[in-house]
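**Student:** Below is a structure I'd like to ask you about.
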Amino acid sequence: MPDNRPRSRAIYLLPNLFTTGCLFSGFYAIVAAIDGNYDRAGFAVFMAMLFDTMDGRVARLTRTESAFGKEYDSLADMVSFGVAPAIVAYQWGVARLFEYGAVWGRIGWVAALTYAVCAALRLARFNTRSAVQDKNFFEGLPSPSAAAIVSAFIWSSTHWKEPGLPGLILAALITALAGALMVSSFAYNSFKNVNAEGPVRFATFLLVPLGFVLIAMFRSYALLAIFGTYALSGPLLWLVRRRRREHRHSQEGVGPGGSA
């Protein structure tokens with residue numbers, strides 16, 4: 001007979017504590033960026049990603065998923081993966097674009113704003129379509145991955161004594177491009193179909209620990225490479241599928257005599 005007794009409040013509190021950890025990490029990233037500690041700001045964004053991953057898993061494992069938790073998670077994501085990366089990018093380089101003229105400064109300001117707006121649109125679209133969307137794929141680049149790209153780039157660039165105009169333009173371009181990918185229609189693998197308890201390919205068995213080793217050794221550079229590759233996978237997969245469709249249609253249009 002199923003146990004219908006109400007669960008303890010402490011169990012329901014557990015996933016929301018992880019969500020609070022995500023929110024705290026995003027808030028800390030903003031404060032660290034304002035203080036000029038960009039390496040700590042970048043690290044804080046990745047800590048927010050860890051908490052964001054854990055809150056959903058804990059909620060599913062303890063069967064404590066709720067509408068409140070979903071809304072709270074979305075608001076925390078907006079702070080940690082929408083506002084925080086935009087402010088980190090702005091504080092590190094976009095603000096300094098004003099030194100090269102008002103036009104460059106406005107372009108950088110718009111790039112940071114574009115990222116924040118795209119993150120809000122991405123989260124709103126995900127919330128409204130999550131019930132009918134294919135669980136194996138995301139529509140558009142997930143906001144944590146976009147935040148990882150921006151934060152990893154800033155984190156890896158903290159050793160630059162003076163990035164100059166090219167480096168500042170690159171920071172603004174990466175920020176705006178990450179925002180655009182969030183609201184795109186490119187399909188990104190969610191990896192939700194991966195069974196950690198089942199058998200895996202030998203290549204996967206080697207790549208996972210290798211990834212952790214690279215992150216431990218190179219940190220920001222490895223994270224930038226990993227999430228940058230993931231961001232590019234969406235457009236590349238779309239291009240490959242388009243080429244295959246065009247090739248198939250061209251083959252179907254050729255008759256027995258060799259002409260359409």
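The values are calculated or read from the model by the stated rules, or taken from the named source; none is laboratory data. Keep in mind it's a predicted model, so treat the numbers as computed, not measured. Positions of Cβ are backbone-derived with ideal geometry, glycine not excepted, and every protein chain shown enters the neighbour counts.
**Student:** Given the conditions (1) at pLDDT 90 or above; (2) assigned to a helix (DSSP H, G or I); (3) of a type outside the set (K, R), report the number of the one that G93 does not fulfil.
**Tutor:** The number of the failed condition is (1).
**Student:** If you don't mind, another one. Quickly run through region 32-54 and pick out the residues that are crowded, with 22+ Cβ neighbours inside 10 Å and of a type in the set (D, E).
**Tutor:** Hit for region 32-54 is D52, nothing else.
**Student:** List pairs: first residue in region 132-149 and charged (D, E, K, R), second residue surrounded by fewer than 16 Cβ atoms within 10 Å (Cβ to Cβ) and in a loop (DSSP other than H, G, I, E, B) anywhere in the structure, Cβ distance under 9 angstrom, at least six positions apart or on different chains.
**Tutor:** The qualifying pairs are D134/S190; K135/S190; K135/K192; K135/N193; E139/Q133; E139/S185.
**Student:** Which one is modelled with the lowest pLDDT among residues in region 23-65 that are among the β-branched types (V, I, T) and closer than 17 Å to P142 by Cα?
**Tutor:** It comes out as T53.
**Student:** Of the numbered conditions (1) out of contact with any strand residue (DSSP E or B) (no Cβ under 9 Å at 6 or more places or on another chain); (2) closer than 20 Å to R57 by Cα; (3) without any contact (Cβ under 8 Å) to a residue 60 or more places away in the chain, N189 fails exactly one; give the number of that condition.
**Tutor:** Against the list (1) out of contact with any strand residue (DSSP E or B) (no Cβ under 9 Å at 6 or more places or on another chain); (2) closer than 20 Å to R57 by Cα; (3) without any contact (Cβ under 8 Å) to a residue 60 or more places away in the chain, N189 comes up short only on (1).
**Student:** Working only within region 107-126, note down all residues that are more than 14 Å from M182 (Cβ to Cβ) and surrounded by fewer than 16 Cβ atoms within 10 Å (Cβ to Cβ).
**Tutor:** V110
**Student:** Here is a follow-up. What do you reckon, is A89 in contact (Cβ under 8 Å) with a residue 12 or more places away in the chain and under 19 Å from S184 (Cβ atoms)?
**Tutor:** For A89, the condition - in contact (Cβ under 8 Å) with a residue 12 or more places away in the chain and under 19 Å from S184 (Cβ atoms) - is not met.
Quick grid of which residues meet (1) over 20 Å from I174 (Cβ atoms); (2) at pLDDT 65 or above; (3) small (G, A, S):
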site	(1), (2), (3)
A203	yes, no, yes
L210	yes, yes, no
S220	no, yes, yes
T229	no, yes, no
S233	no, yes, yes
L237	yes, yes, no
R244	yes, yes, no
H247	yes, yes, no
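**Student:** Among the residues of region 129-152, write down those that are at pLDDT 90 or above and part of a helix (DSSP H, G or I).
**Tutor:** Answer for region 129-152, where residues must be at pLDDT 90 or above and part of a helix (DSSP H, G or I): S143, P144, S145, A146, A147, A148, I149, V150, S151, A152.
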